[in-house]
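**Q** First the structure, which I've put down as structure tokens, then a few questions once you've had a look.
What follows draws every value from the coordinates through simple rules; no lab data is involved. Just so we're clear, the structure is a prediction, and the values are computed from it rather than from any experiment. When we count neighbours, we look across all protein chains shown, and the Cβ atoms used for this are built from the backbone with ideal geometry, even at glycine.
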Amino acid sequence: MTGQRGRPVLALHVAVVLLLLGLQFVVSPFQHGMLARIMVLAAFAVGYNVLLGYTGLMSLGHAMFFAAGMYATGLTVFYVGAGPVDGFLIGLGAGVVLSAAMGLIVLRTTGVSFLIVTMMFAQVFYLTTLYFNRITGGDQGLILTGHLHPLRLGALQLPFADPAVKYNVALAVFGLCFLLSLWLTASPAGRVLVAVRENEDRTTMLGFNTFTYKLLALVISGGISGMAGSAYTLLFSYVGSSFASILYSIYPLLWTLVGGSGTTIGPLVGTALMTYVVDITSGVTPGYLIVVGVVLVVIILKFPSGIVGGIRARWLPWLP
Amino acid sequence: MSLEGHLVLALLEGLVSSLVVALTALGLSLVFGVMRIVNVAHGEFFMLGAVITWYVSTAAGSFLPALIVAPLAVGALALVINRVVLRPIRYDPAATIVATIGLLYIIQQLVLTIYGPYARPVVPPFYFRVDLPWFGYSGYKLVVAGVAALLLVATWLLVTKTTLGLYMRATQQDRETALAFGVPVDRIYASAFALGAVLAALAGVLVVPEQQAHYLMGLDALLLSFMVVIIGGLGSLPGTVAAAFLIGMTDGVVSVFFSPTLARIIASGLVALVLVWRSGGLFGDAAA
């Protein structure tokens, strides 16, 4: 991202964040709430994309990192009475620690084994949240309303129930993850990750310790996912084991593939589109998850590079 | 009931569930072995077997026609999926996983829409009790175990003694060489995928009088089959059956004495570790 190509790329990404900042003043209250949710989930997808899109590792267990952030924040707020900032940092820490520990184990495998191993460990995490249902609330979950203090900025008191606070906190979290992923793709470490994706053996031959780079990618990915889970809990005052289930490992995969894996903007586009599609279909039929299935099959058969990937291939080759 | 009685009950339950799990897992293992793909929608074939059994036995007033209709219908569906989805993506391992996750949701949600969210019972074709010193045990379950064992033997004979089986094993060992020797690899892939689906559907048919048919029952079957196939060694048939017994018996015994959730947590974690440190499984060769 140097010289001529760097400036429009950075301008485009800042413009996306500014667009989201401006949207809150024009959309209806319903869309306002919807967009806040989409931004938090898109941060999750951005984290997933660091691993799938830029390192070439497909995980089926990212729900455990999202849920780790969620439970770490939710449980400390609920039982210890932690404030939102402390809770958020604990959630981020949980994502980082869990992904580092997992990485040391699961990165010994590749390809299909990696998929299955991550899925199995996520299943262990999910069942554990059910097993300790006295503490976690299990399926029912915990509602944090009444336990969660407002966010304090100097003399300002910002309660999370206020839609404007919700929206802008979501935007801050998403913007941070979004620009972090842009910075990563432009950094030397990011270049090595892409080299691992394209040809791991050759990257090893060039003298890079690919295991360390893959671990770095997994920790960044897990950390961002944990952050997203933590933010979700703070904004929507809820912790529940459904967010640790396999569906929440498949969602970020779906969002990333739809938007375009290996593009910085793809995860946001994919999350926004699919959240709306799923939301609309759920009003029509109880079997609304069928759209998840149909879209996955169609994407794999016809549009493997996703929406932004397609745009990049056809019109804008400089997109990161 | 005495401790002894509990243990006998646990072992019996374990035996029956081992044989059914072996049948489902054998289908997954066969597909992985021959085609080198992981079919995430495999559990849905099991669920379809159960749900179709409910429809057939309700319409016909008898369970037995389902034993023919359900596997044939599911096998035909598998042939269509192979032709329309898997062949166009050239059985690429990662793409296949994503596509079959998609198929999982398509099948599961269609069943939810058409069949509904109910768990519906099917009347067993016969009912008798086997009286043991400690308790009376369902005779139907024992018959299920017997039929499942027969089907396992039949599959083994098919793979080891027939030309189709020979072609399957040749494709499994070396696809390119098999192709060069005139093995119709495309047709073998289709047959293996359909056969895998038929085995899962048969397992679904057999368990439905005991478990009730429900649209979400495929996920558990899938996870159990994954465990069995991984422990048994990906693509190894005797290993799959041995692992089904290991997991089925342990699950049966542990679930009687401890919480089933705890049993699943420990089993899933151990299976993941086995796959990390011994990618060939405990029994299998180092393939894959």
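**Q** Find how much the distance from A:Leu23 to A:Leu89 grows on full extension, using 0.36 nm per residue of separation minus their present alpha carbon separation; answer in nm with one decimal. Mind dumping the intermediate values first?
**A** Working: separation 66, 0.36 × 66 = 23.76 nm, distance 2.80 nm.
Computed gain between A:Leu23 and A:Leu89 is 21.0 nm.
**Q** Taking H placed 1.01 Å from N in the peptide plane, check which residues at least 5 places from A:Leu57 or on another chain put their amide H under 5 Å from its amide H.
**A** Counting only residues 5 or more places away or on other chains, the set is A:Leu52.
**Q** Let me ask something else. Show me, for segment B:62-74, the HN-Hα J-couplings you get by feeding each phi into the Karplus relation (A = 6.51, B = -1.76, C = 1.60, θ = phi - 60°), rounded to Hz, glycine and proline as x.
**A** 8, 6, 4, x, 4, 4, 9, 5, 4, x, 5, 4, 5
**Q** Ordered by residue, what ³J(HN,Hα) values in Hz, to whole numbers, does segment B:40-49 give under the Karplus form 6.51 cos²θ - 1.76 cosθ + 1.60, where θ = phi - 60° and Gly and Pro are x?
**A** In residue order, the calculated couplings are 6, 8, 4, x, 5, 5, 4, 4, 4, x Hz.
**Q** Further question: Between rounded, prolate and oblate, where does segment B:22-216 land on the alpha carbon gyration tensor, with a ≥ b ≥ c its root eigenvalues, rounded for a/c under 1.5, else prolate if a/b exceeds b/c?
**A** oblate
**Q** Something else now. Within 10 Å of each residue's Cβ, count the other Cβ atoms and sort A:Leu253, A:Leu215 from fewest upward.
**A** A:Leu215, A:Leu253
**Q** Right, another one. Between segment A:224-287 and segment B:87-149, how far is it from one alpha carbon centroid to the other, in angstrom?
**A** Taking the Cα centre of each part, segment A:224-287 and segment B:87-149 sit 30 Å apart.
**Q** For segment A:59-123 and segment A:5-45, what is the separation of their Cα centres, given in Å?
**A** 25 Å
**Q** Hey, another quick one. Which is farthest toward the positive dipole end of segment B:22-216 among B:Pro121, B:Ala178, B:Val74, measuring Cα position about the Cα centre, with Cβ charges +1 (Lys, Arg) and -1 (Asp, Glu)?
**A** The residue sitting most towards the positive pole is B:Ala178.
**Q** What residues of segment A:275-307 lie in the reach of a label at A:Arg314, counting those whose backbone N is under 18 Å from a point 7 Å from the Cα along Cα→Cβ?
**A** Inside the label zone: A:298-307.
**Q** Can you give the three extents of the C-alpha atoms in segment A:3-245 along their principal axes, from longest to shortest, in whole Å?
**A** 56, 50, 30
**Q** I've got another one for you. When the Cα atoms of segment A:245-320 are enclosed in a convex hull and the volume is divided per residue, what value in Å³ results? All intermediate terms of the calculation are to be shown ahead of the outcome.
**A** Details: hull volume 6.5 nm³, N = 76.
Here the figure is 85 Å³ per residue.
**Q** For q = 0.09, 0.11 Å⁻¹, what log10 I(q)/I(0) does the protein assembly as shown give under the Debye formula with an equal point scatterer on each alpha carbon and no solvent?
**A** -0.75, -1.09
**Q** Another question, if that's okay. So for the protein assembly as shown, taking the charge dipole from beta-carbon charges (+1 Lys/Arg, -1 Asp/Glu), which of A:Val258, B:Gly204, A:Met205 sits furthest toward the positive end?
**A** Of A:Val258, B:Gly204, A:Met205, it is A:Met205.
**Q** Of A:Leu12, A:Gly287, A:Val269, whose Cα points farthest to the positive end of the dipole of chain A (charges on the beta-carbon: +1 Lys, Arg; -1 Asp, Glu; origin at the Cα centre)?
**A** Of A:Leu12, A:Gly287, A:Val269, it is A:Leu12.
**Q** Using a 10 Å cut-off around each Cβ of peptide A:249-255, what is the average number of partner chain Cβ atoms that fall inside? The partial results should precede the final answer.
**A** Details: counts 1, 6, 0, 0, 3, 4, 0.
Taking the mean over all residues of the peptide, I get 2.
**Q** Same structure, new question: Taking the Cα centroid of segment A:165-197 and of segment B:215-249, what is the distance between the two, rounded to the nearest whole Å?
**A** Each part's Cα centre sits 39 Å from the other's.
**Q** So what J values fall out for segment A:215-224 if you push phi through Karplus, 6.51 cos²θ - 1.76 cosθ + 1.60 with θ = phi - 60°, rounded to Hz, Gly and Pro as x?
**A** Here the 3J(HN,Hα) series is 5, 4, 4, 5, 5, 4, 4, x, x, 5 Hz.
**Q** A follow-up question, please. Rounding to the nearest 10 and keeping the result within 0 to 90°, find how far the Cα-based axis of helix B:185-211 lies from the longest principal axis of chain B.
**A** 10 degrees
**Q** Other chains near A:66-75: what is the mean number of their Cβ atoms within 10 Å of each residue's Cβ?
**A** Other-chain Cβ atoms within 10 Å of each residue's Cβ, averaged: 0.
**Q** Which three lengths, in whole Å and largest first, does segment A:176-284 cover when its Cα atoms are put on their principal axes?
**A** Principal axes ranked by extent give 53, 25, 25 Å for the Cα atoms.
**Q** Assign unit charges at the C-beta atoms only (+1 for Lys and Arg, -1 for Asp and Glu), then state the dipole size of the protein assembly as shown relative to its Cα centre in Debye, rounded to the nearest 20.
**A** With Lys and Arg at +1 and Asp and Glu at -1, about 1160 debye.
**Q** Okay, moving on. With chain A treated as a Gaussian network of Cα nodes joined by springs under 10 Å, which of A:Gln24, A:Gln157, A:Gln140 yields the largest mean-square fluctuation?
**A** The residue with the greatest mean-square fluctuation here is A:Gln157.
**Q** Order these by the 10 Å Cβ neighbour count, fewest first: B:Arg169, B:Arg187, A:Arg134.
**A** A:Arg134, B:Arg187, B:Arg169
**Q** Still on this structure: Within a 10 angstrom radius of the beta carbon, how do B:Leu132, A:Leu10, A:Leu296, A:Leu216 rank from fewest other beta carbons to most?
**A** Listing B:Leu132, A:Leu10, A:Leu296, A:Leu216 from fewest to most nearby Cβ atoms yields B:Leu132, A:Leu10, A:Leu216, A:Leu296.
**Q** Looking only at other chains, what is the average number of their beta-carbon atoms within 10 angstrom of each beta-carbon in A:177-188?
**A** Per residue, the number of nearby Cβ atoms from other chains is 0 on average.
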